[in-house]
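**Student:** Input: one structure, supplied below.
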Amino acid sequence: MQDINLPKPISFNSARFLISASKLSECPPDQGAEVAFAGRSNAGKSSAINAITINKKLARTSKTPGRTRLINFFSLNREGCRLVDLPGYGYAKVSRDMKDDWQTHLGHYLNDRQCLRGLVLVMDIRHPLTDFDQMMVEWCEHNKLPLMILATKADKLKFGQAKTTLQKVRNALKKFQCLEHLIMFSATDRTGVEEACEKLAAWLAPATDSTAADAETPADSP
Ligand SMILES: Nc1nc2c(ncn2[C@@H]2O[C@H](COP(=O)(O)OP(=O)(O)OP(=O)(O)O)[C@@H](O)[C@H]2O)c(=O)[nH]1
Ligand SMILES: [Mg+2]
C-alpha cells in the first residue's frame, strides 16, 4: 500500500545546471538538501555527476586538471535538492594565490553550509587516499557528516586489482564512523552508478518534508 505522504522519487536524470559560485555569498540560499562531490583535481568528480545524472553534458569534464574552478550547483526534480560539483583540490599548475583562494572558498562552503547532507569523495582507484583525501575524511568525521567514497576509474584496473584496492581503503578507514558507503565506480562503464544513486537518494530524502529538514538543521554550525 502506498503511503500518501511519500514524495515522488528523485530522478537524477532531472538534474539541471542552476548556478556557479566563486564564493559562499554567491551560493543559492542555504535551504533544502545538498550533496557535494569533492576530490582531487582530475579524479573524476564531474564525470561521476554526469554518470549519475545520465547526462554527459551536465558538468564539464576535461583531461586538463583544474577544469572545475567554481562551485557548480545542479537542481533536481525534488524542490530544494541539489548536487554540487566542487573545485578539485591539489591542482599544481595554478598560482599559489589562486590555490589559496579556492581552498578558502571551499573551506567556507564546507564549514558553513547547513544544508549539506553528505559528502561524496571521489578518488581515482589507482591513487587512493591522498593526503587531501585523508584530510577530507577527517573533516567529515569531525563534523559528523556522512561520507560516501567513489573509487572511480575502476575500468582502468582488472576487477581483482580493483577489489583489492577497495579492501585496502576499507581497512585503512575502518575507524571512521562517517564512512557510510565505499563504492567501486566507473563513469565509463557505469560500475557502481546504481548503488551511488540509491544512497544519494536516501541522503537527500529527508529534505522532502521542509519541516523535517528544518528540524534537522542544528542551531549552531559546528
Ligand atoms: N577511464 C575512465 N576515465 C574517467 C572516468 N572518470 C573520469 N575520467 C576521465 O578523467 C578525466 C578527468 O575527469 P573529470 O570528471 O573532468 O575530473 P574532475 O575531478 O571533475 O576534475 P577537475 O574539475 O579538474 O577537478 C577526464 O579525461 C575523464 O574523461 C572513469 O570512470 N573512467
Ligand atoms: Mg570537474
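The values are calculated or read from the model by the stated rules, or taken from the named source; none is laboratory data. Since we're looking at a predicted model, the values are computed, not measured. Note: ideal-geometry Cβ built from the backbone for every residue, glycine included; neighbour counts use all protein chains shown.
**Student:** If residue 99 satisfies all but one of (1) in contact with a Phe, Trp or Tyr (Cβ under 8 Å, 6 or more places away or on another chain); (2) closer than 29 Å to residue 170 by Cα; (3) more than 11 Å from ligand 2 (Cβ to nearest atom); (4) at pLDDT below 85, what's the number of the condition it fails?
**Tutor:** All conditions pass for residue 99, except number (2).
**Student:** For the subset of region 58-86 comprising residues that are within 11 Å of ligand 2 (Cβ to nearest atom) and within 13 Å of residue 120 (Cβ to Cβ), which member is modelled with the highest pLDDT?
**Tutor:** Applying the filter and picking the extreme gives 85.
**Student:** Run down 145, 150 and say which single residue is within 16 Å of ligand 2 (Cβ to nearest atom) and out of contact with any Asp or Glu (no Cβ under 8 Å at 6 or more places or on another chain). If you could, list the steps in order and put the result at the bottom.
**Tutor:** Values: 145 fails: within 16 Å of ligand 2 (Cβ to nearest atom).
Criteria check complete, one pass: 150.
**Student:** Shifting gears a bit: For region 103-136, what are the residues that are of a type in the set (A, V, I, L, M) and touching a helix residue (DSSP H, G or I) at 6+ places or on another chain (Cβ under 9 Å)? Spell out how you get there, then give the answer.
**Tutor:** Of region 103-136, the ones of a type in the set (A, V, I, L, M) are 106, 110, 116, 119-123, 125, 129, 135-136.
Once the filter is applied, which keeps residues that are of a type in the set (A, V, I, L, M) and touching a helix residue (DSSP H, G or I) at 6+ places or on another chain (Cβ under 9 Å), region 103-136 yields 110, 116, 119, 120, 121, 122, 123, 125, 129, 136.
**Student:** With respect to residue 126, is the statement that it is part of a loop (DSSP other than H, G, I, E, B), within 11 Å of ligand 1 (Cβ to nearest atom), out of contact with any strand residue (DSSP E or B) (no Cβ under 7 Å at 6 or more places or on another chain) and at pLDDT 95 or above true?
**Tutor:** yes
**Student:** Let me ask something else about it. Anything in region 139-168 that is under 20 Å from residue 37 (Cα atoms) and more than 16 Å from ligand 1 (Cβ to nearest atom)? List them, or say none.
**Tutor:** 139, 140, 141, 142, 143, 144, 145, 146, 147
**Student:** Output the residues belonging to region 139-179 that are surrounded by 14 or more Cβ atoms within 10 Å (Cβ to Cβ), out of contact with any strand residue (DSSP E or B) (no Cβ under 6 Å at 6 or more places or on another chain) and not in a loop (DSSP other than H, G, I, E, B).
**Tutor:** Correct list: 139, 141, 143, 155, 165, 169.
**Student:** Taking region 32-57 as the region of interest, how many residues are more than 11 Å from ligand 2 (Cβ to nearest atom) and assigned to a loop (DSSP other than H, G, I, E, B)?
**Tutor:** Going through region 32-57, the residues more than 11 Å from ligand 2 (Cβ to nearest atom) turn out to be 32-36, 51-57.
Those still in the list that are assigned to a loop (DSSP other than H, G, I, E, B) too: 32, 54-57.
Selection size over region 32-57: 5.
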